[in-house]
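Read-outs: derived from the displayed coordinates by stated rules, not from any lab. Just so we're clear, the structure is a prediction, and the values are computed from it rather than from any experiment. Cβ sites come from the backbone with ideal geometry, for glycine too, and all protein chains shown count toward neighbours.
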Amino acid sequence: MKHMLQLYSAQKSFGSKKVLLDVSLGLSKGEILGLFGPNGSGKSTLLKILFGTLKADAIDLRINEQPISPESVIPEQYIGYLPQDSFLPKRLKVRDIIPLFFEHGDDQDAIFRAPFVEKITAQVAGTLSMGELRYLELLLIANLDHPFLLLDEPFSMIEPLYKEKIKEFLFVLKEKKGILLTDHYYQDVLEVSDRNMVLKDGVSYPAAKEQDLINLGYLR
């Protein structure tokens, strides 16, 4: 049972710019960990390192205290990743996109029957609203078998209706996954997170409440 993801002392530089100096975190199935930090603090860099698409200068990544290599994350399906930018083929209809992610009918039905999906199945992805698109992308990634999930900006620029639908979905989803979530809409993150951390000057700090975000300089 893969129930705990652990990262110890991750480091990453781009040339002479040191982005991550000493970043550690633990993520358990059954919880949502909120990740905060200003632009350029390394949030997306950290997610890409965890997902294995960006190489760290130093990293100790483990599941249940057993070391794993970042290169194994994708082939072993340890971690799912929702990036900031849309990744769906814009000219395909939604009903044709879903089978690209799920081979079996029962798995496809879980998406087709999800709230709000039925009304958009005949649309091409490029005509969806920001909320419809983000909600669909999250459904597709979250229903795969990864025990851990990384979400980069799931709330940004989307309609309030879909924000609330995503929050409802995350509360259900965390019963079977560990979720690391970052977004500049900090109040939305705080509504769903169980714990929080802040990236500041390349170092990770725990943040139990909104006041800690102020004390750590993320909020004024």
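Is there a pair in Lys119/Lys167; Lys55/Lys119; Lys17/Lys176; Lys43/Lys90; Lys43/Lys176; Lys48/Lys167 whose C-alpha atoms are over 30 Å apart, and which pairs would that be?
Details: Lys119/Lys167 20 Å; Lys55/Lys119 41 Å; Lys17/Lys176 38 Å; Lys43/Lys90 27 Å; Lys43/Lys176 24 Å; Lys48/Lys167 23 Å.
Listed pairs above 30 Å: Lys55/Lys119; Lys17/Lys176.
Relative contact order, whole percent, for the chain stands at 30, derived from Cα pairs under 8 Å and 6 or more residues apart. Report summary: the helix-based calculation at 222 nm, which adds -39500 (n - 2.57) for every DSSP H run with n ≥ 4 and divides by the residues of the chain, gives -8500 deg cm²/dmol. In a simple Cβ point-charge model (Lys, Arg +1; Asp, Glu -1; nothing else charged), the chain has a dipole of about 420 debye relative to its Cα centre. Sites listed here are chymotrypsin sites (Phe, Trp or Tyr not before Pro) in region 84-135 whose DSSP assignment is loop and whose Cβ has at most 13 other Cβ atoms within 10 Å: Phe87.
Under 14 Å of direct C-alpha separation, and excluding same-chain neighbours fewer than eight residues apart, Lys165 reaches these aspartates and glutamates: Glu132, Glu137, Asp188, Glu191. Using alpha carbons only, the radius of gyration of region 4-215 set against its Kirkwood radius gives Rg/Rh = 0.97.
Ranking of Met130, Met4, Met157, Met197 by neighbouring Cβ atoms within 10 Å, starting from the fewest: Met157, Met130, Met4, Met197. Across the chain, the longest run free of exposed loop sites, meaning GluC sites (Glu not before Pro) lying outside DSSP classes H, G, I, E and B with no more than 14 other Cβ atoms within 10 Å, spans 104-174.
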